[in-house]
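The values are calculated or read from the model by the stated rules, or taken from the named source; none is laboratory data. Please read all numbers here as calculations on a predicted model, not as lab measurements. Here the Cβ positions follow ideal geometry from the backbone for every residue, glycine too, while neighbour counts run over all protein chains shown.
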Amino acid sequence: MNIISLLSSILAAAFAIAVFNRYRHSRRLFLLLWAFGLFLYGLGTLTEVLSSLTFNTLILKIWYLSGAMLTAAWLGQGTIQLLVRKRKVASVLLGGLIILSTVSLVLVALAPTTSAAAGYDISQPLSSQYKDILTRSGVIVFLTIILNIYGTIGLVGGAIYSAFIFWRKRILANRMLGNVLIAAGALSPALGGSFLRAGLADMLYASEFLGIILMYAGFLLATRKEKEPEAEPQPVAG
């Protein structure tokens, strides 16, 4: 069994629940979008666990949708929803993402698989075999690229921008460092592709685990309430 991906799934689930609980109390939409993105993150790593035990076409398609297409986009949308001041702009972008996600879901659900599925090797990562098994149309490939670019710009770019603002103003150091960790965590899984091409599958799984750890730590740090400085005692008038 893929233990590292299982740990990533558990941590992503805990993170998603924590963010959703914050949404329940504040009703701020960006938290709901982050919670959904984290749910997709955990779903993607969970399907890696399942694919290390057996092959199933449904598992493959859920992995591709959650892990390869939608996770970054929905996490990025959460950050965009937080940072964009014009509500109409954020709403239009969210509506567009919902449409693209729905189209992606339909296209991947209908995508046929090849005979290579019969030779699936559970000892090898799904991410190194799916291209031979899942028939991806040009539209699916295009949507995958666009969604990941959009999500990366939103999540990583937004986190770096926020960190820069806090650094420039010399305020809320915890939020500055928290956003740096979030940006690093978001970039970590992207490095997994390089490890995979080098034949280091375990490092791919480790990069996903490190990514969720860094993002969770960054979120906790950025949302931590700093203690207000205690007021100095005032002299009593005689």
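Points to keep in mind about this one:
- Residue match in segment 73-96 (condition: in contact with a helix residue (DSSP H, G or I) (Cβ under 7 Å, 6 or more places away or on another chain), over 16 Å from PHE219 (Cα atoms), among the β-branched types (Val, Ile, Thr) and modelled with pLDDT under 95): yes
- Restricting attention to segment 83-106, the residues that are touching a Ser or Thr at 6+ places or on another chain (Cβ under 9 Å) and surrounded by fewer than 18 Cβ atoms within 10 Å (Cβ to Cβ) total 1.
- When GLN124, GLN129 are screened for being out of contact with any helix residue (DSSP H, G or I) (no Cβ under 6 Å at 6 or more places or on another chain), touching a residue at least 40 places away in the same chain (Cβ under 8 Å) and polar (S, T, N, Q), only GLN124 passes.
- Unmet criterion (only one of (1) surrounded by 20 or more Cβ atoms within 10 Å (Cβ to Cβ); (2) over 20 Å from THR144 (Cβ atoms)) for TRP63: (2)
- Residue in segment 108-121 that is assigned to a helix (DSSP H, G or I), touching a Ser or Thr at 6+ places or on another chain (Cβ under 9 Å) and touching a residue at least 60 places away in the same chain (Cβ under 8 Å) present: yes
- All positions within segment 30-86 that are among the polar types (S, T, N, Q) and under 19 Å from THR102 (Cβ atoms): SER66, THR71, GLN77, GLN81
- The residue pairs whose first member lies in segment 42-59 and is touching a residue at least 12 places away in the same chain (Cβ under 8 Å) and closer than 15 Å to SER128 by Cα, whose second member is charged (D, E, K, R) and assigned to a helix (DSSP H, G or I), and whose beta carbons are closer than 9 Å, counting only pairs six or more residues apart or on different chains, are GLY44/GLU208; THR45/GLU208; GLU48/GLU208.
- Failed item in (1) over 20 Å from LEU126 (Cα atoms); (2) free of Cβ contacts under 8 Å to residues at least 12 places away in the same chain, with PHE30 passing the rest: (2)
- Output for segment 158-190, where each listed residue is surrounded by fewer than 22 Cβ atoms within 10 Å (Cβ to Cβ) and touching a residue at least 60 places away in the same chain (Cβ under 8 Å): TYR161
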